[in-house]
Amino acid sequence: MQARSSDDVVNPEGVELVHKPSPPVLKLALAGLGWGVLTCLLCFVILTLTKWLLPSQYWGAHTGLAKFKREMSLPLLVFWVIIYSPILETFLGQLLPLEILKRMRVNRQWSIFIGAIFWGIVHYLSGGLLHAIVALGSGAMFSFVYLRYRGQGVAAAYTTTAFSRACNNTAILIAISFGLDA
């Protein structure tokens, strides 16, 4: 009889199952931070170029974080932007559509493209053309991040993407507090 470590998993029949180690949390958190900042920079570049190229009458409704900053108390805003939105938006914008596409055997590039288009349409409906164009970039980035970490499991992909969103939203919130009106 062999001695077993506490990491071994045994089913009721006594057959040893392979234990897959969990991904390192700190590594995923740092990855989320990096992807979030990169996504924020990409969105600011897209926003700047779009505002420069697209006449203001085509921008649509003003739905940026500056609007929420005017309408919410600071604790509610922080909760909404850094906790609630990343959890809900990652579930609706990445986990559901990308897992459905994965089960339909759609390849990675098409999944990122479809995820970005889906995210752009949702933001067009809620905020107009400018909002949709910026959301195309963030939707593509967050879809890429989700699929990048999907090989480590749904939980790793979801948490890394949600943390990336939280970091992105935090960076945007900080930029707005310094006067940038997105």
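The values are calculated or read from the model by the stated rules, or taken from the named source; none is laboratory data. This one's a predicted model, so the numbers in the text were calculated from it and none came from an experiment. Don't worry about glycine lacking a Cβ; one is built from the backbone with ideal geometry, like all the others, and counts go over all protein chains shown.
Quick notes on this structure:
- Considering residues of the stretch 125-143 that are of a type in the set (Ser, Thr, Tyr) and closer than 28 Å to Pro24 by Cα only, the residue surrounded by the most Cβ atoms within 10 Å (Cβ to Cβ): Ser143
- Any hit, the stretch 144-152, residues being among the basic types (Lys, Arg), in contact (Cβ under 8 Å) with a residue 12 or more places away in the chain and crowded, with 20+ Cβ neighbours inside 10 Å: yes
- The one condition in (1) in a helix (DSSP H, G or I); (2) farther than 14 Å from Leu47 by Cα that Gly179 fails to fulfil: (1)
- Of all the criteria given as (1) over 17 Å from Leu129 (Cα atoms); (2) at pLDDT below 90, the one not satisfied by Leu41 is (2).
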